[in-house]
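Let me begin by presenting the structure, written as structure tokens, before commenting on it.
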Amino acid sequence: MSDGFDRAPEQTKPQRAPPSSQDNTPQQNPESVMAKPQVVVAPVLMSKLSVNAPEFYPSGYSSNYTESYEDGCEDYPTLAEYVQDFLNHLTEQPGSFETEIEQFAETLKEWVTTDDALQELVELIYQQATSIPNFSYMGARLCNYLSHHLTISPQSGNFRQLLLQRCRTEYEVKDQAAKGDEGTRKRFHAFVLFLGELYLNLEIKGTNGQVTRADILQVGLRELLNALFSNPMDDNLICAVKLLKLTGSVLEDAWKEKGKTDMEEIIQRIENVVLDANCSRDVKQMLLKLVELRSSNWGRVHVTSTYREATPENDPNYFMNEPTFYTSEGVPFTAADPDYQEKYQELLEREDFFPDYEENGTDLSGAGDPYLDDIDDEMDPEIEEAYEKFCLESERKRKQ
């Protein structure tokens, strides 16, 4: 067994002999003596990537819709599978809405030809918009597009009518849902926020071509807020805050156009909840922040359309960049001071403020400056000596 190790002594680690008591000379480590810097040359690897390689998808990504998209609905056995796959695709890639919605609507025209098919389409979109938290906005945009481009009007009604009927089904049980168990309230809150997105995104075209919002949704949102505030549990109040942040400015503008004071009533109700309700401290802070947001016109900044020249009367910052002057007593004053003209005229009359100099610096007064007259033109001996050495050295270097 020892023969195997004897045949390869070069692979054994060099051993350092223990220092003897007779030899006090410091021993050097053989490894440090023999070690030399080595340059490691990385091997050149040839890439195995190919332009013909299959397209990469992240783990968990469903590519079924992408693979069969160009074939329309031919690869799908049912309408539900086709629509659900498209909805999932929009959920994962919302940026594809603009480029793919047109083909989706054209495919639906070939498939959705009956009342039942249209009802099924509405239900699929509604469920996706109220069950996926981040899909309510995209669902509202999808509903708006299909309401204008899905030209199918069976006996039960067109797409928008069936959508509003589906929303009405949930709306009619709002009072029971707002006081139900946690799961019921959660589904109710998703419906409330989806209805808010529909109010903002669902466009109704009038007979004269003008685009308006659905008044029925405006009325519905007002009643939904009543249901939420009538049951002031934390999650109900949080939902009301989210809805008002989303739609508050638009709702208030619409109510003001009709001469209604609904927003004032809502704000008053919020203040009563903050004072009386047994909600958490954090929720009360959210409600107070909402009242503050509304007092600032929902964070909107109105820019006046007509230009007005800035004056001290209409611009509080008019004198911000004005220079500051000082009187003979050292008291500062600016153009904003009432007696500015009097102080400034006094300043001009001071003889030493504007010396009689031309632009080129020539003294026109005939008298020298008393400050400059007191200055000694002679340099300090050390400075003078150093200056002469500097000049000589510079001259020597120049000649070289």
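Observations, loosely collected:
- Any chance Glu106 is under 35 Å from the mean Cα position of the chain (by Cα) and free of Cβ contacts under 8 Å to residues at least 12 places away in the same chain: yes
- When residues in segment 232-267 are screened for being open to solvent by 20 Å² or more (accessible area, probe 1.4 Å), under 24 Å from Gln176 (Cα atoms) and β-branched (Val, Ile, Thr), 1 of them pass.
- Of all the listed residues (Glu172, Glu203), the sole one being farther than 30 Å from Gly95 by Cα and surrounded by fewer than 20 Cβ atoms within 10 Å (Cβ to Cβ) is Glu172.
- Scanning segment 270-286 for residues that are at pLDDT 90 or above and either of a type in the set (Gly, Ala, Ser) or under 23 Å from Asp215 (Cα atoms) (or both) yields a count of 1.
- Just one of the listed residues (Arg160, Arg213) is under 17 Å from Ile125 (Cα atoms), of a type in the set (D, E, K, R) and open to solvent by 60 Å² or more (accessible area, probe 1.4 Å), namely Arg160.
- Scanning segment 91-103 for residues that are part of a helix (DSSP H, G or I) and buried (at least 21 other Cβ atoms within 10 Å of the Cβ) turns up nothing.
- Qualifying residue in segment 135-153 (condition: among the charged types (D, E, K, R), at pLDDT 90 or above, open to solvent by 10 Å² or more (accessible area, probe 1.4 Å) and closer than 24 Å to Ala240 by Cα): yes
- All positions within segment 121-134 that are open to solvent by 50 Å² or more (accessible area, probe 1.4 Å) and within 17 Å of Ala105 (Cα to Cα): Glu123
- When each of Arg185, Arg160, Arg166 is tested for being closer than 21 Å to Leu243 by Cβ, in a helix (DSSP H, G or I) and either of a type in the set (S, T, N, Q) or under 33 Å from the mean Cα position of the chain (by Cα) (or both), the lone residue that passes is Arg185.
- Counted residues, segment 292-334 - those being modelled with pLDDT of 70 or more and hydrophobic (A, V, I, L, M, F, W, C): 4
- Residue selection: Glu106 fails the criterion of being charged (D, E, K, R), under 30 Å from Ala240 (Cα atoms) and surrounded by fewer than 19 Cβ atoms within 10 Å (Cβ to Cβ).
- Flag if Lys289 is under 17 Å from Thr212 (Cβ atoms) and either among the basic types (Lys, Arg) or modelled with pLDDT under 95 (or both): no
- Segment 203-221 residues that are part of a loop (DSSP other than H, G, I, E, B), paired with ones that are among the hydroxyl-bearing types (Ser, Thr, Tyr) and surrounded by 14 or more Cβ atoms within 10 Å (Cβ to Cβ) (beta carbon under 7 Å, 6 or more apart): Ala214/Tyr199
The values are calculated or read from the model by the stated rules, or taken from the named source; none is laboratory data. All figures in this text were calculated on a predicted structure; none of them were measured in a lab. Cβ sites come from the backbone with ideal geometry, for glycine too, and all protein chains shown count toward neighbours. Heavy atoms of the whole protein, side chains included, go into the accessibility calculation; ligands, DNA and RNA do not. Shrake-Rupley method; radii C 1.70, N 1.55, O 1.52, S 1.80 Å.
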